[in-house]
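Accompanying notes for the structure given below.
The values are calculated or read from the model by the stated rules, or taken from the named source; none is laboratory data. If you're wondering where the values come from, they're calculated on a predicted model, not measured in any experiment. For neighbour counting, all protein chains shown are included, and Cβ atoms are generated from backbone atoms with ideal geometry for every residue, glycine included.
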């Protein structure tokens with residue numbers, strides 16, 4: 001007999017830990033307390049909104065918040081939708097599922113040098129490329 005999957009399964013764990021629900025962007029920021037951390041949420045801008053977008057709220061290494069849309073595109077070769085974070089990368093990494101996206105960004109880091117005096121900035125998302133209005 002095949003057992004049914006639950007939210008406790010390893011594949012679902014990233015969603016349980018990182019997804020905060022349907023909230024406003026301002027409320028989403030309350031769920032991210034440490035620098036270089038992120039959470040996923042469905043963005044609710046107004047109470048009567050019929051459409052909600054899947055987004056990431058990210059607190060960068062300087063303590064500033066950025067919100068990015070998670071978008072999808074259909075891949076003709078794979079015959080499936082691929083997800084990516086619209087964070088200003090020219091060729092962003094793409095993922096078959098949301099779990100893979102979360103796992104990738106929990107171990108990924110991006111280095112950026114603003115000047116010789118300020119040194120390197122280590123961040124998950126390249127916030128210096130684009131500030132997305134969610």
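Tallying residues that are closer than 17 Å to residue 72 by Cβ and surrounded by 14 or more Cβ atoms within 10 Å (Cβ to Cβ) within segment 88-103 yields 11.
Counting only strands (runs of 3 or more DSSP E) that sit completely within segment 48-92, those holding 1 or more residues that are more than 19 Å from residue 23 (Cβ to Cβ) and over 18 Å from the mean Cα position of the chain (by Cα) correspond to 65-75, 80-86.
Select from segment 60-85 the residues that are more than 17 Å from residue 42 (Cα to Cα), touching a residue at least 24 places away in the same chain (Cβ under 8 Å) and in contact with a strand residue (DSSP E or B) (Cβ under 7 Å, 6 or more places away or on another chain) and write down the one among them that is surrounded by the fewest Cβ atoms within 10 Å (Cβ to Cβ). Quick ask: steps written out before the conclusion?
Kept after step one, since they are more than 17 Å from residue 42 (Cα to Cα), are these residues of segment 60-85: 60-64, 73-82.
Subset that is touching a residue at least 24 places away in the same chain (Cβ under 8 Å): 60-64.
Narrowing the set further to residues that are in contact with a strand residue (DSSP E or B) (Cβ under 7 Å, 6 or more places away or on another chain) leaves 60-61.
Values: 60: 20, 61: 15.
Per the criteria, the residue is 61.
Scan segment 22-57 for residues that are modelled with pLDDT of 90 or more and touching a helix residue (DSSP H, G or I) at 6+ places or on another chain (Cβ under 9 Å) and the total you get is 9. Name the single residue that is modelled with the lowest pLDDT among those in segment 88-99 being touching a strand residue (DSSP E or B) at 6+ places or on another chain (Cβ under 8 Å) and over 15 Å from residue 39 (Cβ atoms). Ranking the qualifying residues of segment 88-99, first place goes to 92.
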